[in-house]
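Quick notes on the structure that follows.
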Amino acid sequence: MRRIGILGVGLLGSAVASRLLQGGFQVTGYDTRPAQVEALRPQGLRPATSIAEAAAGADAVFTILPSLESADAVVQGPGGLVETAPREATLIQMSTISPDLTRRLGEAATAKGLGFLDAPMSGTSAMVARGDCTILVGGEPAHVARCQPVFDASARRTVYVGAVGMASLAKLVTNLLVGLHTAALAEALVLGQKGGLSPALLLEILKTTAASSKMVEIRGPLMVSHDFEPQMKLDLFLKDFGLMLEEGRRLGVPLPLTSWAQQLSTATAAAGRGGEDLASIVTTLEGLAGM
């Protein structure tokens, strides 16, 4: 397995493509924004002008897309992978979408004789770029084994979680804690700063005490510096919050803290920060605190 197609080369897709190119794979990429593809050409990415061209001759095709609609269209829409991908290829669905849609895409691919894996990644784009991330995988074990070299080149760890759909659920659970940890960090920093503590000193305290977490390490510096260059865009995380709440309703699980974090994120996006990193929610809390 050496020839890889990637559909969607945004923040996460670009990071995955870079990892695979560094691993010696032949990677062909397609995105509706040609500039995203061209930016990776110096690293060896082969640009494609269509879904079919990106998938042609591929052993595996990654879909790393920003919405449920785009993931659905690329897999089973007109000219999508179900129609155009080589029958020996395995589709690797990495978008953060609902477990229900993931299962439906898997059924459509399987009906056409394609392999299909539910394989979202846990990690910011910066973490993925340096290989410090985890891939959660659902699907047939034989397909997982076949794609393991690709996963090993992309991530530090691969965790098999069961049938198609289960990895998407695990990703929502993971992102739920990421979102809540980020919101809690923002609240803590605003409290300390409003009381007179140096934000930089406070961040060092949080990093070296029982309060430490991955979000303190990653998003703490963004909040302190007010540098919200996106590692995960707020608008995309708002989509994830919606998926979490939808799954909670379906399963009968109340998610009160998730609902609060969604409202905080909605207010921040409404203030024009949807294209910034999730860390920008600290600005809404600062405003509420009169800072």
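The values are calculated or read from the model by the stated rules, or taken from the named source; none is laboratory data. Bear in mind that the values here come from a model prediction, so they are computed numbers and not experimental data. For neighbour counting, all protein chains shown are included, and Cβ atoms are generated from backbone atoms with ideal geometry for every residue, glycine included. The protein model used for the area step is the full one, side chains on, heavy atoms only, and it has no ligands, DNA or RNA in it. Shrake-Rupley method; radii C 1.70, N 1.55, O 1.52, S 1.80 Å.
Things to note:
- Residues of the range 83-100 classified as without any contact (Cβ under 8 Å) to a residue 60 or more places away in the chain and surrounded by fewer than 20 Cβ atoms within 10 Å (Cβ to Cβ), total: 5
- Counted residues, the range 192-241 - those being among the β-branched types (Val, Ile, Thr), within 28 Å of the chain's Cα centre (by Cα) and not in a helix (DSSP H, G or I): 1
- Summed over the range 244-291, the residues that are hydrophobic (A, V, I, L, M, F, W, C), within 20 Å of Val173 (Cα to Cα) and either open to solvent by 10 Å² or more (accessible area, probe 1.4 Å) or at pLDDT below 95 (or both) give a count of 7.
- Of residues in the range 21-49 being of a type in the set (D, E, K, R) and part of a helix (DSSP H, G or I), the one least open to solvent (accessible area, probe 1.4 Å): Glu38
- Meets criteria (within 20 Å of Gln148 (Cβ to Cβ) and touching a residue at least 60 places away in the same chain (Cβ under 8 Å)) for Gly23: yes
- Complete set of residues in the range 50-66 that are closer than 18 Å to Leu105 by Cα, open to solvent by less than 30 Å² (accessible area, probe 1.4 Å) and small (Gly, Ala, Ser): Ala55, Ala60
- Of all residues making up the range 222-243, the number that are of a type in the set (S, T, N, Q) and either crowded, with 18+ Cβ neighbours inside 10 Å or in contact (Cβ under 8 Å) with a residue 40 or more places away in the chain (or both): 1
- Check on Arg104, at pLDDT 95 or above, open to solvent by 10 Å² or more (accessible area, probe 1.4 Å) and not in a strand (DSSP E or B): yes
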